[in-house]
Amino acid sequence: MSIEKVDEMLSKAGVFYLATVDGDKPKVRPLGFHLLYGDKIYFGVGTFKGVYKQLEANPNVEIASWDGECFLRYYGTAILDDNGAVVEKAFELMPDIAEMYRTNGWQMGVFYLDDATAEFRNMMEVEESYEFKY
């Protein structure tokens, strides 16, 4: 499995974009946090945010990134996972975010993509493709 390659690409890009559906409209926002934990890449968003509610209502998502050389399209079904160990690891890696969340009584929701495809692309075509099913 090449989930490690997806993780490396997201790390190299630094910022990537998560597309969700809000009713019948697309919503895209930049993210920077991801965590390879076990055999899954987790992403985190506040449970109080609109993006979390969008994931609950329609879990079909796509993540896109560019690392200066190639594009990644990583899409599938967002699985909201109440995994406290992942949240704690995320807070360990991002202490400023952890403090803000704890101070305000916020919760971080984490998710990974299932029934997912990762496409590594150049401007014209898919160069490599991987499928992930958990």
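The values are calculated or read from the model by the stated rules, or taken from the named source; none is laboratory data. Remember, predicted model here, so these are calculated numbers, not experimental data. Cβ coordinates were reconstructed from backbone atoms using ideal geometry, including for glycine residues, and neighbour counts include every protein chain displayed. Ligands, DNA and RNA are excluded from the accessible area calculation, which covers all protein heavy atoms including side chains. Shrake-Rupley method; radii C 1.70, N 1.55, O 1.52, S 1.80 Å.
Key figures for this structure:
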read-out	value
Charge dipole of segment 72-134 about the Cα centre (unit charges at C-beta), most positive-ward option of 105, 132, 120	105
Backbone HN-Hα couplings from phi across segment 118-134 [Karplus 6.51/-1.76/1.60, Hz, Gly and Pro as x]	10, 10, 9, 10, 9, 5, 10, 7, 7, 8, 9, 9, 10, 10, 10, 9, 10
Shape category assigned to segment 47-104 from the gyration tensor of Cα positions, a/c cut at 1.5	oblate
Net +/- balance of residues flanking residue 72 in space, Cβ distance below 12 Å, scoring K and R +1, D and E -1	-4
Alpha-carbon radius of gyration plus Dmax, which is the widest Cα pair, for segment 70-134 in Å	16.0, 47
Sequence-distant residues sharing a close amide H with residue 62 (under 5 Å, placed H)	19
Accessible area in square angstrom per residue, segment 28-134, 1.4 angstrom probe	54
Cβ charges +1 (Lys, Arg) and -1 (Asp, Glu), total dipole of segment 1-82, debye	300
Whole-Hz ³J(HN,Hα) from phi, Karplus 6.51 cos²θ - 1.76 cosθ + 1.60, for segment 95-103, glycine and proline x	x, 5, 5, 4, 4, 4, 5, 5, 4
With every protein chain in place, the chain: carbon and sulfur % of accessible area (1.4 Å)	50
Radius of gyration and Dmax over the Cα atoms of segment 1-70, both given in Å	12.7, 35
